[in-house]
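K.L.:
Dropping the structure in here first, questions after.
The values are calculated or read from the model by the stated rules, or taken from the named source; none is laboratory data. Just so we're clear, the structure is a prediction, and the values are computed from it rather than from any experiment. Counting neighbours? That spans all protein chains shown, and the Cβs are built from the backbone with ideal geometry, glycine included.
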Amino acid sequence: MKFHYEFSIKKIQTPITHHQKMMMIGSCFTENIGDLLRSSKFKVMDNPNGILFNPISVAESISQYIQKKMYSESDLFCLNGTWHSWKHHSRFSGITAEESLQKINQSTIAAHEFLLHGDYLFITLGSAWVYFLTESADGNGVGTVAANNHKAPANWFSKRLLTVNETKEALGSMLEQLKKFNPHLTIIFTISPVRHLREGVIENNRSKAVLIQAVHDLVNQSAQHYYFPAYELVIDDLRDYRFYAEDLVHPNYYATQYVWEKLVESCFSDTTKELLPIIKEINLAYQHKPFNPATELHQQFLQKYAQVTKQLMEKHPELDFRKELNYFINGKYSSVNE
């Protein structure tokens with residue numbers, strides 16, 4: 001008996017390897033996959049503006065990385081004693097404008113350089129509902145699209161569902177800029193399986209429909225654009241609330257792992273796939289907490305994985321295991337690579 005519907009996924013034209021650099025932009029599901037990529041020793045930068053949900057904010061942020069836009073105090077607003085940007089997540093907010101600006105501008109500079117030399121850009125869209133600033137809002141003027149509400153009063157915003165054409169126009173303009181900025185970049189689009197039920201069940205489905213149609217129209221225009229069906233894997237393949245967290249909104253660990261496995265299968269090179277179990281084994285060894293670190297058995301354990309790690313790094317110098325190797329050799333954890 002079959003208890004879920006599995007479907008084949010078109011393989012990407014140029015498979016991903018550890019030599020390449022990937023930027024992840026979009027919803028919180030992007031960061032879940034980004035964490036898995038990072039733990040698997042890929043070169044990853046995720047969400048230089050913080051989590052973004054709507055296509056307008058995604059397109060604006062990428063355009064600003066290309067232009068290397070530097071923010072000034074006039075681009076910020078102060079609410080409840082904290083300075084914020086309407087274009088950034090609250091992790092870029094600060095007690096002073098200077099603190100916020102430093103975080104924003106440093107992130108933009110890093111994103112500009114990473115994107116310029118990047119190989120893949122993952123864009124995960126979450127919602128086609130867009131929140132615009134009203135006359136009651138502080139900062140940046142009426143009609144500005146807010147990427148984050150920063151817990152501002154409700155009357156500061158008005159919302160509207162984007163049309164397919166509006167979504168295509170915003171993303172299409174950004175893609176044209178990217179083509180000139182980094183002609184070798186492959187764009188991987190996904191639709192987030194996170195359900196935006198705050199908007200309503202019907203409204204969430206209307207939103208996803210807009211995103212799906214717009215993205216497929218754009219993907220069909222270029223061989224350098226690829227669609228990975230993260231949304232369909234959770235909604236149509238797994239299709240069960242067992243694969244959602246208690247809030248019934250966010251995919252849980254098992255759903256994320258399932259999507260990850262399908263991503264590996266359809267988008268990674270054969271050599272990369274072969275490396276993943278070895279990398280996972282080293283990660284588990286690094287995370288192992290011995291009851292008594294002084295025992296001979298644990299010292300043998302460390303020596304074994306020091307040797308395994310050295311051999312892997314010699315064969316694949318693109319893999320960065322410096323902090324793990326430092327632990328296996330010295331028996332001490334390090335928060336940064338040395």
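K.L.:
Name the residue, out of ALA154, ALA170, ALA147, ALA137, that is under 27 Å from HIS84 (Cβ atoms), among the small types (Gly, Ala, Ser) and touching a Leu at 6+ places or on another chain (Cβ under 7 Å).
P.N.:
The unique qualifying residue is ALA147.
K.L.:
Determine whether PRO183 is outside any helix (DSSP H, G or I) and touching a Phe, Trp or Tyr at 6+ places or on another chain (Cβ under 8 Å).
P.N.:
no
K.L.:
Considering only residues that are among the polar types (S, T, N, Q) and either assigned to a helix (DSSP H, G or I) or at pLDDT below 95 (or both), which ones fall in the stretch 157-175?
P.N.:
Those that are among the polar types (S, T, N, Q) and either assigned to a helix (DSSP H, G or I) or at pLDDT below 95 (or both): ASN165, THR167, SER173.
Here's the yes/no breakdown for (1) on the phi > 0 side of the Ramachandran plot; (2) polar (S, T, N, Q); (3) at pLDDT 95 or above; (4) part of a helix (DSSP H, G or I):
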{"residue": "MET22", "(1), (2), (3), (4)": "no, no, yes, no"}
{"residue": "ILE33", "(1), (2), (3), (4)": "no, no, no, yes"}
{"residue": "SER57", "(1), (2), (3), (4)": "no, yes, yes, yes"}
{"residue": "SER63", "(1), (2), (3), (4)": "no, yes, yes, yes"}
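K.L.:
Here is a follow-up. Which of the following residues is of a type in the set (S, T, N, Q), over 30 Å from GLU199 (Cβ atoms), touching a helix residue (DSSP H, G or I) at 6+ places or on another chain (Cβ under 6 Å) and at pLDDT 95 or above: SER93, SER72, SER40?
P.N.:
It is SER40.
K.L.:
What number of residues within the stretch 252-262 satisfy the criterion of being surrounded by fewer than 21 Cβ atoms within 10 Å (Cβ to Cβ) and either of a type in the set (Ser, Thr, Tyr) or within 16 Å of PHE189 (Cβ to Cβ) (or both)? Reasoning before the result, please.
P.N.:
If we filter the stretch 252-262 for residues that are surrounded by fewer than 21 Cβ atoms within 10 Å (Cβ to Cβ), which is where we start, we get 252-254, 256-258, 260-262.
Adding the requirement that they be either of a type in the set (Ser, Thr, Tyr) or within 16 Å of PHE189 (Cβ to Cβ) (or both) leaves 253-254, 256, 258, 262.
Total meeting the criteria: 5.
K.L.:
While we're here: Which one of the conditions (1) crowded, with 19+ Cβ neighbours inside 10 Å; (2) among the hydrophobic types (A, V, I, L, M, F, W, C); (3) touching a helix residue (DSSP H, G or I) at 6+ places or on another chain (Cβ under 7 Å) does PHE77 fail to meet, given that it meets all the rest?
P.N.:
Answer for PHE77: the failing condition is (3).
K.L.:
Assigned by TED's automatic domain parsing to the domain that holds GLU246 and within 22 Å of LEU263 (Cβ to Cβ): which single residue out of THR163, THR186, THR167 fits that description?
P.N.:
Numbers: THR163 fails: within 22 Å of LEU263 (Cβ to Cβ); THR167 fails: within 22 Å of LEU263 (Cβ to Cβ).
Only one candidate passes the filter, namely THR186.
Okay, residues lined up against (1) surrounded by fewer than 20 Cβ atoms within 10 Å (Cβ to Cβ); (2) closer than 21 Å to LEU211 by Cα; (3) assigned by TED's automatic domain parsing to the domain that holds LEU319:
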{"position": "LEU233", "(1), (2), (3)": "no, yes, no"}
{"position": "ARG239", "(1), (2), (3)": "yes, yes, no"}
{"position": "HIS250", "(1), (2), (3)": "yes, yes, no"}
{"position": "VAL264", "(1), (2), (3)": "yes, no, no"}
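K.L.:
Collect the residues in the stretch 281-325 that are assigned to a helix (DSSP H, G or I), farther than 27 Å from THR17 by Cα and among the polar types (S, T, N, Q), keeping them in residue-number order. Break it down stepwise before answering.
P.N.:
Step one: list which residues in the stretch 281-325 are assigned to a helix (DSSP H, G or I), which gives 281-287, 296-315, 322-325.
Filter once more, keeping what is farther than 27 Å from THR17 by Cα: 296-303.
Within the stretch 281-325, GLN299, GLN300, GLN303 meet the criteria.
K.L.:
Cβ-Cβ distance below 8 Å, separation of 6 or more or different chains: which pairs start in the stretch 97-113 with a residue that is within 21 Å of LEU178 (Cα to Cα) and in the same structural domain as ASN49 (by TED's automatic domain parsing) and end on one that is assigned to a helix (DSSP H, G or I) and β-branched (Val, Ile, Thr)?
P.N.:
HIS112/ILE66
K.L.:
Of the residues ALA137, ALA128, ALA152, which is touching a helix residue (DSSP H, G or I) at 6+ places or on another chain (Cβ under 7 Å), more than 18 Å from GLU60 (Cα to Cα) and surrounded by 20 or more Cβ atoms within 10 Å (Cβ to Cβ)?
P.N.:
Unique residue meeting the criteria: ALA137.
K.L.:
Still on this structure, please answer the following. List the pairs whose first member sits in the stretch 194-218 and is closer than 17 Å to ALA230 by Cα and buried (at least 21 other Cβ atoms within 10 Å of the Cβ), whose second member is basic (Lys, Arg) and modelled with pLDDT under 95, and whose Cβ atoms are under 7 Å apart, counting only residues at least 6 apart or on separate chains?
P.N.:
Listed by first residue and then by second, the contacts come to nothing, as the list is empty.
K.L.:
A follow-up question, please. Any residue in the stretch 17-36 that is surrounded by 23 or more Cβ atoms within 10 Å (Cβ to Cβ) and among the aromatic types (Phe, Trp, Tyr) sitting within a Cβ distance under 9 Å of a residue that is in a strand (DSSP E or B) and modelled with pLDDT under 95? List the pairs, counting only those 6 or more apart or interchain.
P.N.:
PHE29/PRO251
K.L.:
State which residue pairs qualify: first residue of a type in the set (Ser, Thr, Tyr) and in a helix (DSSP H, G or I) and inside the stretch 244-265, second residue modelled with pLDDT under 95 and surrounded by 13 or more Cβ atoms within 10 Å (Cβ to Cβ) in any location, beta carbons under 6 Å apart, and separation of 6 or more residues or different chains.
P.N.:
Matching pairs, first to second residue: TYR254/PHE243; THR256/ASN32.
K.L.:
Name the pairs: first residue in the stretch 292-304 and in the same structural domain as GLU324 (by TED's automatic domain parsing), second residue part of a loop (DSSP other than H, G, I, E, B) and surrounded by 10 or more Cβ atoms within 10 Å (Cβ to Cβ), Cβ to Cβ under 7 Å, at least 6 apart or on different chains?
P.N.:
That search, which allows pairs on different chains as well, returns PRO293/GLY331; HIS298/PRO290; LEU302/GLY331.
K.L.:
Scan the stretch 221-243 for residues that are within 20 Å of PHE7 (Cβ to Cβ), in a loop (DSSP other than H, G, I, E, B) and not basic (Lys, Arg) and jot them down.
P.N.:
Matches in the stretch 221-243: PHE228, PRO229, ASP240.
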